[in-house]
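Here, each number is a calculation from the coordinates, and none is a lab measurement. Remember, predicted model here, so these are calculated numbers, not experimental data. Virtual Cβ from ideal backbone geometry, glycine too; neighbours counted across all protein chains shown.
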C-alpha cells in the first residue's frame, strides 16, 4: 500500500482528498502546512507527496526544494493556479506532475500512479548510473505539459497524453519539444481529433 502525503491548507480539500485516497487503497498522511510536511517526509518517507502551492508557513515550492534535497520523496503539485510561471518553477524544482484545483479524487489517482511509476523509473536510472538529468527532465516536462492540456481542455490524463502525442507527430523535436514549448507559455493550438 503506497504511502501518500497530502499537504493543503484548505481543510475541506485536505479532508476530501485524504478520504478519497484512503478509499482508493492508499495509506495517507495529511497536514495543513509546510514545516510538518517536511518532518513527515524525513520521518515516514512517503512514496509520494501531493503539495499545495500556497501554504500558511512556507510555500509549496520551498517544501518541494527541501524534500528534494533532504529526502527521496517524489512530489506533485495540486494548485489553484495554472500560471505558466508556477508550472515552470514546479518543473525546475523536480515535480513529477501538476494538477489544477478543483480536481476530483478520480482524476488524482491516475496522476499518483504515473508519478509513482516515474519515481520508480528514476530510482532505477540512478541505480543503473544512467544520465538522470536529461531523462528525468524530459519526463517531468512531458508530465507538466500533460497537466496543462488536462486543465485547458478539461480532459483526463490519458486523453490529454493522446492529444499531446497526436500533435507531436508532425512537430519538429517530437513530444519533448512540444512539451517544452507549452511549459514556456507559447500559444500553441492543439488539434483535438
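Brief remarks on what is shown
- Remark: spin-label model distance residue 117-residue 186 equals 2.7 nm, labels positioned 7 Å along the Cα→Cβ axis.
- For the range 3-183, the alpha-carbon radius of gyration amounts to 0.98 times the rule-of-thumb value 2.2 N^0.38 Å expected for a compact globular protein.
- Extension gain (nm, one decimal) between residue 15 and residue 152, 0.36 nm per residue minus Cα-Cα: 46.7 nm
- The chain: angle of helix 84-93 to the longest principal axis, Cα-based, in degrees nearest 10: 70
- To the nearest ten degrees, helix 60-70 and the longest principal axis of the Cα atoms of the chain are 80 degrees apart.
- The chain - mean residue ellipticity at 222 nm from DSSP helices (-39,500 (n - 2.57) per run, n ≥ 4, rounded to 500): -18500 deg cm²/dmol
- Helix 11-23 axis, angle to the chain major axis (alpha carbon atoms, nearest 10°): 80
- Working ranking of peptides 178-190, 32-44 by packing, defined as the average number of other Cβ atoms within 10 Å per residue, highest first, is 32-44, 178-190.
- Contour minus Cα-Cα distance for residue 62 and residue 42 (0.36 nm per residue): 5.7 nm
- Shown is the FRET efficiency for residue 33 and residue 177, computed with R0 = 30 Å from the Cβ-Cβ distance and rounded to the nearest 0.05: 0.20.
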